[in-house]
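The values are calculated or read from the model by the stated rules, or taken from the named source; none is laboratory data. Note that this is a predicted model, so its numbers are computed, not measured. Cβ coordinates were reconstructed from backbone atoms using ideal geometry, including for glycine residues, and neighbour counts include every protein chain displayed. Please note that ligands, DNA and RNA were not included when accessible areas were found on the heavy atoms of the full protein model with its side chains. Shrake-Rupley method; radii C 1.70, N 1.55, O 1.52, S 1.80 Å.
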Amino acid sequence: MATLRNLKIKTGTCKRIVKELHSYEKEVEREAAKTADMKEKGADPYDLKQQENVLAESRMMVPDCRKRLEASLSELKGTLAELEESNQKEGAEIEEARSTIAEVEQFFQTTEA
């Protein structure tokens with residue numbers, strides 16, 4: 001059975017994963033710039049290869065993080081729906097969950113377009 005506590009936890013999880021995803025995206029940009037800079041300066045091939053591996057690892061984290069966010073969002077929606085069915089339609093936790101769902105869905109729309 002869904003509780004307000006579960007809703008609050010799932011809302012926090014969604015928010016944390018969004019922050020994590022933004023962090024990984026920034027890391028990819030930073031590492032890509034660093035790799036390009038190393039190529040321009042003619043860095044040692046071994047160092048360049050290591051930097052490319054770091055960049056590849058960072059790039060792999062973005063899709064993984066998106067999948068976790070999608071799963072977390074669907075869990076949050078399910079918990080919210082259960083609470084609404086049991087006539088708990090108001091409260092700070094519920095409003096926060098609704099706004100988090102809207103933010104995450106908006107995020108997905110802007111990144112997919």
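Summary table
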read-out	value
Failed criterion for LYS67 (all others in (1) touching a helix residue (DSSP H, G or I) at 6+ places or on another chain (Cβ under 7 Å); (2) modelled with pLDDT of 90 or more hold)	(1)
Within region 34-45, tally of residues that are out of contact with any helix residue (DSSP H, G or I) (no Cβ under 7 Å at 6 or more places or on another chain) and either surrounded by 11 or more Cβ atoms within 10 Å (Cβ to Cβ) or not in a helix (DSSP H, G or I) (or both)	5
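Condition check ((1) outside any helix (DSSP H, G or I); (2) without any contact (Cβ under 8 Å) to a residue 24 or more places away in the chain; (3) open to solvent by less than 50 Å² (accessible area, probe 1.4 Å); (4) among the aliphatic types (A, V, I, L, M)) across all residues:
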residue: ASN53; (1), (2), (3), (4): no, yes, no, no
residue: CYS65; (1), (2), (3), (4): no, no, yes, no
residue: ILE101; (1), (2), (3), (4): no, no, yes, yes
residue: GLU105; (1), (2), (3), (4): no, no, no, no
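Condition check ((1) hydrophobic (A, V, I, L, M, F, W, C); (2) in a helix (DSSP H, G or I); (3) in contact (Cβ under 8 Å) with a residue 24 or more places away in the chain; (4) closer than 28 Å to GLY91 by Cβ) across all residues:
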site: GLY12; (1), (2), (3), (4): no, yes, no, yes
site: LYS15; (1), (2), (3), (4): no, yes, yes, yes
site: SER23; (1), (2), (3), (4): no, yes, no, no
site: GLU31; (1), (2), (3), (4): no, yes, yes, no
site: ASP47; (1), (2), (3), (4): no, yes, no, no
